């Protein structure tokens, strides 16, 4: 009997041992690098909130993915340090990075690592020819094209633009110029991120008449420039970029931004309501929706076995999706002739009112 017991136990043990790993689900390690402090903290905090909302609403996301959210301060060297730790020391298979300059710094490093890098960057060059990099955002050309169509539809023939030296803003400005057609677009001045006094630049508007003024500026600068513009007596309509998508910026402009329009991604009314009910604000809600959609894509749409996939397999499944439906609408995955891989989300014109920012029904 003892011999029989030993034999049975010996036969059962391998079966029990082999079953144990299947009972313990593997979780995908996902690093999020975004500005959680500094002048662009609104954006990073919105991304974090969007991911948090996705985790609350979808238990599968929490059961399949472990998230680590790190503060880049919108600084490239800080982002590189975080990325190296996440990938080399902590063995994260996936990293999502917010911001053009930081994405540009990380992209060439990702090519040498076993990691799937998703970036929120409008510059196609970040992912061109790089198999491990996918842009989870539209190109600057998409925003620029929609903006150019909007300005022509309003009957504008000649517009002035003031721009801060920034990769993202440059990409949108280049898109506007490329799609301008008969619309004349003049760049009147460029600034550094820390500039705050724009009065000498605004005086250039007195030399020639323009139908509208474009503010391709960073957070903080938008409200300062617009309030200085109005204080100096200029009444031209204002247009710009998604840096306008902030009621904080609108309030700080002291009414100068009311009526301004800009190109941005749409967000579903349902998401707006749920987000506001959870976080009691709508600051940079488009970026919150982007974070939500990214978490949903990675931890739900790619399959229940995502935790055991390699970075290469994760990227392969992403590329095979073709389309995804999320809080920013129906997006299609595009691969350009230059090797740029990005999600093409719907782009709309947004308009600032006294109390909120709405999608412009006329566009």
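Go over the candidates 273, 256, 260 one by one and state the one that is without any contact (Cβ under 8 Å) to a residue 60 or more places away in the chain and either assigned by TED's automatic domain parsing to the domain that holds residue 210 or under 20 Å from residue 147 (Cα atoms) (or both).
It is 256.
When you check residue 309 against the structure, is it within 19 Å of the chain's Cα centre (by Cα), surrounded by 19 or more Cβ atoms within 10 Å (Cβ to Cβ) and in the same structural domain as residue 47 (by TED's automatic domain parsing), yes or no? Spell out the reasoning first.
Working: within 19 Å of the chain's Cα centre (by Cα): no; surrounded by 19 or more Cβ atoms within 10 Å (Cβ to Cβ): yes; in the same structural domain as residue 47 (by TED's automatic domain parsing): yes.
For residue 309, the condition - within 19 Å of the chain's Cα centre (by Cα), surrounded by 19 or more Cβ atoms within 10 Å (Cβ to Cβ) and in the same structural domain as residue 47 (by TED's automatic domain parsing) - is not met.
Give just the number: which of (1) modelled with pLDDT of 95 or more; (2) more than 16 Å from residue 163 (Cα to Cα) does residue 205 not satisfy?
Only one criterion in (1) modelled with pLDDT of 95 or more; (2) more than 16 Å from residue 163 (Cα to Cα) is unmet by residue 205, namely (2).
Can you report the number of residues in the stretch 328-363 which are in contact (Cβ under 8 Å) with a residue 40 or more places away in the chain and more than 13 Å from residue 136 (Cβ to Cβ)?
Of the residues in that region, 19 qualify.
To keep it simple, each residue is scored yes or no on (1) assigned to a loop (DSSP other than H, G, I, E, B); (2) out of contact with any helix residue (DSSP H, G or I) (no Cβ under 6 Å at 6 or more places or on another chain); (3) without any contact (Cβ under 8 Å) to a residue 60 or more places away in the chain.
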{"position": "170", "(1), (2), (3)": "no, yes, yes"}
{"position": "173", "(1), (2), (3)": "no, yes, yes"}
{"position": "176", "(1), (2), (3)": "no, no, yes"}
{"position": "195", "(1), (2), (3)": "yes, yes, yes"}
{"position": "215", "(1), (2), (3)": "no, no, yes"}
{"position": "222", "(1), (2), (3)": "no, no, yes"}
{"position": "230", "(1), (2), (3)": "no, yes, yes"}
{"position": "239", "(1), (2), (3)": "no, yes, no"}
{"position": "251", "(1), (2), (3)": "no, yes, yes"}
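For the condition surrounded by fewer than 18 Cβ atoms within 10 Å (Cβ to Cβ), assigned to a strand (DSSP E or B) and out of contact with any helix residue (DSSP H, G or I) (no Cβ under 8 Å at 6 or more places or on another chain), what is the one hit in 355, 325?
Residue meeting the stated conditions: 325.
What's the number of the condition residue 178 fails, among (1) modelled with pLDDT under 95; (2) surrounded by fewer than 16 Cβ atoms within 10 Å (Cβ to Cβ); (3) outside the structural domain of residue 97 (by TED's automatic domain parsing); (4) within 23 Å of residue 345 (Cβ to Cβ)?
For residue 178, the exception is condition (1).
Give just the number: which of (1) under 16 Å from the mean Cα position of the chain (by Cα); (2) in a helix (DSSP H, G or I); (3) farther than 17 Å from residue 336 by Cβ does residue 108 not satisfy?
Of (1) under 16 Å from the mean Cα position of the chain (by Cα); (2) in a helix (DSSP H, G or I); (3) farther than 17 Å from residue 336 by Cβ, only one is false for residue 108: (1).
When only residues in the stretch 72-105 that are closer than 14 Å to residue 34 by Cβ and touching a residue at least 60 places away in the same chain (Cβ under 8 Å) count, which is surrounded by the fewest Cβ atoms within 10 Å (Cβ to Cβ)?
101
Note down all Cβ pairs under 7 Å where the first residue falls in the stretch 197-208 and is within 10 Å of residue 232 (Cβ to Cβ), the second is in a helix (DSSP H, G or I), and they're at least six residues apart or on different chains.
Close Cβ pairs satisfying both conditions: 198/224; 198/225; 198/228; 199/228; 202/228; 202/229.
Out of the stretch 149-168, which residues are in contact with a helix residue (DSSP H, G or I) (Cβ under 9 Å, 6 or more places away or on another chain), at pLDDT 95 or above and closer than 30 Å to residue 96 by Cβ?
163, 164
Being surrounded by 22 or more Cβ atoms within 10 Å (Cβ to Cβ) and in the same structural domain as residue 171 (by TED's automatic domain parsing) is the requirement here; does residue 221 meet it?
Details: surrounded by 22 or more Cβ atoms within 10 Å (Cβ to Cβ): yes; in the same structural domain as residue 171 (by TED's automatic domain parsing): yes.
So residue 221 fits the description; yes.
Take residue 337 and decide whether it is modelled with pLDDT under 95, over 23 Å from residue 40 (Cβ atoms) and in the same structural domain as residue 155 (by TED's automatic domain parsing).
no
The values are calculated or read from the model by the stated rules, or taken from the named source; none is laboratory data. Nothing here was measured: the structure is a model prediction, and the numbers come from that model. Neighbour counts run over all protein chains shown; Cβ positions are idealised from the backbone, glycine included.
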